[in-house]
Structures are given as structure tokens and as C-alpha cells.
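Here's the structure we're looking at; comments come further down.
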Amino acid sequence: MMTSSYPKLFSLTLIVLGCIFGFFTWQYEIDRETFLRPLTIRNMLLSSLLLAVPLLFAMIKWGTGAKPHTAKDYIKLYSGVVLLLCMVSYFLLTTLTWLLPGQISTYSTPYEYDSAGRHSCSGARLYDPDLEEKIKVCYPAGNVYGGNVITITKRSNALGMTVIHAVTKR
């Protein structure tokens with residue numbers, strides 16, 4: 001075994017653990033309170049479909065793995081590239097929406113209590129007029145069970161919105 005293999009292994013382990021920690025932090029701090037506009041999501045999906053074509057040809061030409069031979073292999077490879085691009089672009093767009101400045105506004109609206117599931121949090125489900133869809137605000141301040149009106153403070157920009165603060169009223 002080479003003498004430099006342990007520092008490389010230690011560095012690689014720290015990088016992998018940092019990526020795992022970063023993903024969970026992103027999931028619980030950024031993803032729960034950031035919502036993308038429908039137009040942003042459509043553009044993200046369309047650009048992923050279009051960008052996957054040159055990436056597919058580059059992978060086939062310069063890739064070192066087994067080359068696809070049938071139409072089914074090409075479809076599988078294209079689908080995998082599209083899914084990977086969609087995940088990466090969603091991660092980047094959500095983080096950009098959270099980081100970019102925007103107009104801060106406050107509004108009050110009725111809500112319905114939404115319980116926690118296996119992969120979701122408990123909170124308030126409400127209609128947002130800017131996004132024109134129902135959103136779920138996780139863990140708002142106040143008594144979620146007793147009231148029926150919530151006050152939302154949000155920051156909106158071109159990509160979507162981020163909930164800064166949510167409190168229920170009686």
C-alpha cells in the first residue's frame with residue numbers, strides 16, 4: 001500500500017461526509033421554505049430535456065463505459081441524463097431563489113392544518129396568490145390547531161418565493 005493512500009482516503013471521507021451534511025442541511029433549511037414559480041419549473045424541465053441531448057452524445061462518444069447498442073439502451077441512458085439534470089437544476093434553482101434578494105411582502109390568508117407524514121412536516125396548507133397554487137408552510141409559529149388565519153412574510157423574486165416568517169392568528 002502506498003504511503004499517500006491514507007491522506008487521500010481521509011480527504012475523500014471528509015468530502016463525502018460534508019456532501020451528506022450539506023444535503024440534509026439544504027433539505028431542512030432551504031427546500032422546506034422555498035417555492036419555485038410554475039414558469040421556472042417548466043423552463044427547468046424544458047432546458048433539462050434539451051441539454052440532455054448533447055450530453056448524451058458526449059457520453060456515447062467519449063465515455064469509457066459500455067456503449068449502448070439498442071434503442072432501449074439509448075432511451076434508458078437519455079432518461080437517466082434527464083433525471084440527473086432535473087435534480088441538479090432543482091437543487092441550484094431552489095438555492096438561488098433562497099439566496100437572491102427580492103421584494104418582501106406580508107399577507108394574511110385562511111389555512112388548513114396539514115399533519116406530518118413519513119416524508120413531510122406538519123404545518124399549514126394555504127393558497128399563495130403569487131404562485132397561484134397551494135403551498136405547505138412547515139411549523140408556523142402560534143397555535144396551528146386553534147386558528148384559521150395565518151400571516152405570511154415572504155421574499156419574492158423572479159424565480160419564486162421564500163417564506164421568511166409565518167404565524168397563526170385566532
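Considering the range 87-140 alone, what residues qualify as being among the polar types (S, T, N, Q) and closer than 17 Å to residue 37 by Cβ?
Across the range 87-140, the qualifying residues are 89, 94, 95, 97, 103, 105.
Restricting to strands (runs of 3 or more DSSP E) lying wholly in the range 86-165: which have 3 or more residues that are of a type in the set (D, E, K, R)?
Output list reads 133-138.
Of all residues in the range 1-35, how many are surrounded by fewer than 12 Cβ atoms within 10 Å (Cβ to Cβ) and in a loop (DSSP other than H, G, I, E, B)?
4
Which residue is least open to solvent (accessible area, probe 1.4 Å), if the candidates are limited to the range 36-61 and must be assigned to a helix (DSSP H, G or I) and within 16 Å of residue 132 (Cβ to Cβ)? Step through it out loud before you land on a result.
To start, the set of residues in the range 36-61 that are assigned to a helix (DSSP H, G or I) comprises 38-61.
Checking the rest, the ones that are also within 16 Å of residue 132 (Cβ to Cβ) come to 38-42.
Values: 38: 51, 39: 104, 40: 17, 41: 65, 42: 148 Å².
Top of the filtered list is 40.
Report, by residue number, each residue of the range 62-85 that is open to solvent by 80 Å² or more (accessible area, probe 1.4 Å), assigned to a helix (DSSP H, G or I) and either under 14 Å from residue 47 (Cα atoms) or not β-branched (Val, Ile, Thr) (or both).
Passing the criteria: 62, 72, 74, 76, 83, 84.
Each row is one residue, and each column tells you yes or no for (1) small (Gly, Ala, Ser); (2) touching a strand residue (DSSP E or B) at 6+ places or on another chain (Cβ under 9 Å); (3) exposed (fewer than 13 other Cβ atoms within 10 Å of the Cβ).
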| residue | (1), (2), (3) |
| --- | --- |
| 90 | no, yes, no |
| 93 | no, yes, no |
| 132 | no, no, yes |
| 142 | yes, yes, no |
| 153 | no, yes, no |
| 159 | no, yes, no |
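The values are calculated or read from the model by the stated rules, or taken from the named source; none is laboratory data. These figures come from a predicted structure and were not determined experimentally. Note that each Cβ is placed from the backbone with ideal geometry, even for glycine, and that neighbours are counted across all protein chains shown. The area values use the complete protein model at the heavy-atom level, side chains included, leaving out ligands, DNA and RNA. Shrake-Rupley method; radii C 1.70, N 1.55, O 1.52, S 1.80 Å.
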